[in-house]
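Engineer: Encoded as structure tokens, here's the structure I'll be asking about.
Taken together, the values in this text are just the output of simple stated rules run on the coordinates, not laboratory data. Every value quoted in this text rests on a predicted model; they were computed, and no experiment measured them. Note that we place each Cβ from the backbone using ideal geometry, even for glycine, and neighbour counts take in every protein chain shown.
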Amino acid sequence: MNRQYYTEIPSPCFVQEENKLIKNLEILKYVRENANVQILVALKGYAFWHSFPLIKQYLDGASASSLFEAKLIYEEMGVKAHTYCPAYLKEDFTEISDISKHLTFNSLTQWEQFKNSIKTSVSCGLRINPEYSEIEVPIYNPAVEGSRLGMVKSVIPDKLPVGIEGLLFHVMCEQDSYVLERVLQKVKERFHEQLLQVKWLNMGGGHWITDKNYDVNHLINVLNHFHQDYPHLQLIMEPGEAIGLGTGFLLSTVQDIVDNNGIKTAILDVSFSAHMPDTLEMPYKPSVRDASTEPTNSPYKYRLGGISCLAGDYMSEYGFDSPLQIGDQLIFEDMIHYTMVKTTLFNGVKHPSIGVINKKGTFELLRKIPYEFYKYRLS
């Protein structure tokens, strides 16, 4: 089997496929138009800023969770951000306020600290915690007992402070509209009085709208039904993963094959720890093109090993129909959302280049990451 998929793409390389991105954006546009909801791209999940001008044609802007994200939105999308931070830093606040359209606060303490320095053009909100989530992995669950994220019912006043115009919750991760329906019911039960006092409700991220199994029309029905109960509210969603879901890959190349007591490992020019940290953190096993993640019945089995010195920088066995060879290309699918924003330069390993296959099918190399980027982070 020939495992040379792309001769024109350097290895390793993150590659955005523009036509697949447009397909996702068309789905999101359909939801916006049929449910009277604003949809933002959340940079914590998708920050491929080369595509921001394209995204701007379909969505309502972007959300930030830090000064740097807000600056990237302002510089590359040309709009002000919807910003939420668990805590705003005093030295950053003036700048982050200047380039934000919405500012959401995690506590009344933070609101009281900064309220007098906010321009009247900025709409302010509070993050609420409905104390309900169906996320099964605790590290990703903002509603775990004792969570630091958002105000629970017992601490939020019945009468909201003057100047608070919105509420935000975020308790979903890779979930569907049926989960959102149940979450919204809990939000209504706990925060009905507060919902009557504000102008907007931000439902956060974690909405897997562009997944092939997602019931888009059910989502539209859920949102329209909610509008009937609260017709004064502007609804907002800020998915990151739904924008980048299935829109690109990470190209790698086999550098060596080692055999230890019958376990063969193909060592690649990428690192799971540095370049795909969610695979170890979540954890999950990424899909590899033309390979089986369940190799029981495959004639050839290999672990896939990363290039760093971390002992655990590998994935358990994949199945192949023919032997791997040094120089073979392996393609990790669906590596544009979350993966790219979490990469590190751990161990000084070579960071993947970044490129795009445009609408015409032509590859464009956007960036190579030089040694100076590694050196600059240290001192």
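Engineer: Whole number please: convex hull volume per residue of the Cα set in the chain, in Å³? It would help to have the intermediate numbers written out before the result.
Structural biologist: Numbers: hull volume 59.8 nm³, N = 379.
Normalising the Cα hull of the chain by residue number yields 158 Å³.
Engineer: For a label point 7 angstrom out from the Cα of K342 toward its Cβ, which stretches of region 34-52 have the backbone nitrogen within less than 18 Å?
Structural biologist: 42-48
Engineer: Which links in K90/K119; K44/K153; K29/K342; K80/K368; K29/K56 stretch past 20 Å when you go from one Cα to the other? Walk me through the numbers before you get to the answer.
Structural biologist: On the way: K90/K119 16 Å; K44/K153 27 Å; K29/K342 27 Å; K80/K368 29 Å; K29/K56 11 Å.
Long pairs (Cα-Cα over 20 Å): K44/K153; K29/K342; K80/K368.
Engineer: Among the aspartates and glutamates, which have Cα under 12 Å from the Cα of K264 when same-chain residues fewer than 8 positions away are ignored?
Structural biologist: Answer for K264, where 12 Å is the Cα cut-off: D256, E317, listed by chain and number.
Engineer: So, one more: Ranking D328, D313 by Cβ neighbours within 10 Å, fewest first, what do you get? Intermediate values should be presented prior to the final figure.
Structural biologist: On the way: D328 20, D313 25.
Ordered by Cβ neighbours within 10 Å, fewest first: D328, D313.
Engineer: Based on the alpha carbon coordinates of region 247-376, what radius of gyration and maximum Cα-Cα distance (Dmax) apply, in Å?
Structural biologist: In order Rg, Dmax, the Cα atoms of region 247-376 give 15.0, 48 Å.
Engineer: Relative contact order for region 247-376: what is it in percent, counting Cα pairs under 8 Å that are at least 6 residues apart? Write down the numbers at each step before the final one.
Structural biologist: On the way: 253 pairs, mean separation 37.7, N = 130.
So the answer I get is 29 percent.
Engineer: When we measure straight from the Cα of K71, which aspartates and glutamates land under 18 angstrom away, once same-chain ones fewer than 8 places off are left out?
Structural biologist: Partners within reach: D60, E91, D92, E95, D98, E238.
Engineer: Give me the percent of DSSP beta bridges within the chain that run antiparallel, rounded to the nearest 5. Before the final figure, lay out each step's value.
Structural biologist: Details: 26 of 61 bridges.
Antiparallel bridges make up about 45 percent of those DSSP assigns within the chain.
Engineer: Taking H as built 1.01 Å from N, whose amide H comes closer than 5 Å to the amide H of A81, not counting residues under 5 places away?
Structural biologist: Under 5 Å from the amide H of A81 lie the amide H atoms of S100, K101, each far enough along the sequence or on another chain.
Engineer: Now for a different question. Using modelled amide H (1.01 Å from N, peptide plane; none on Pro or chain starts), what sits under 5 Å from the amide H of C13, excluding residues fewer than 5 places away?
Structural biologist: Distant-sequence amide H within range of C13: L251, S353.
Engineer: Using the Cα centre of region 247-376 as the reference point, and only Cβ charges (+1 on K/R, -1 on D/E), how large is the resulting charge dipole? Debye, rounded to the nearest 20. Before the final figure, lay out the partial values.
Structural biologist: On the way: 12 positive and 15 negative charges, 83 e Å.
Here region 247-376 has a charge dipole of around 400 debye.
Engineer: Now for a different question. Normalising by the residue count of region 79-172, find the relative contact order in percent from Cα pairs under 8 Å and 6+ residues apart. Write out the running numbers ahead of the final one.
Structural biologist: Numbers: 144 pairs, mean separation 26.2, N = 94.
Reported relative contact order: 28 percent.
Engineer: If I take every Cα pair under 8 Å that is 6 or more residues apart in the chain, average their sequence separation and divide by the length, what percent do I get for the relative contact order? Please report the intermediate quantities before stating the final value.
Structural biologist: Numbers: 779 pairs, mean separation 76.4, N = 379.
Across the chain, relative contact order equals 20 percent.
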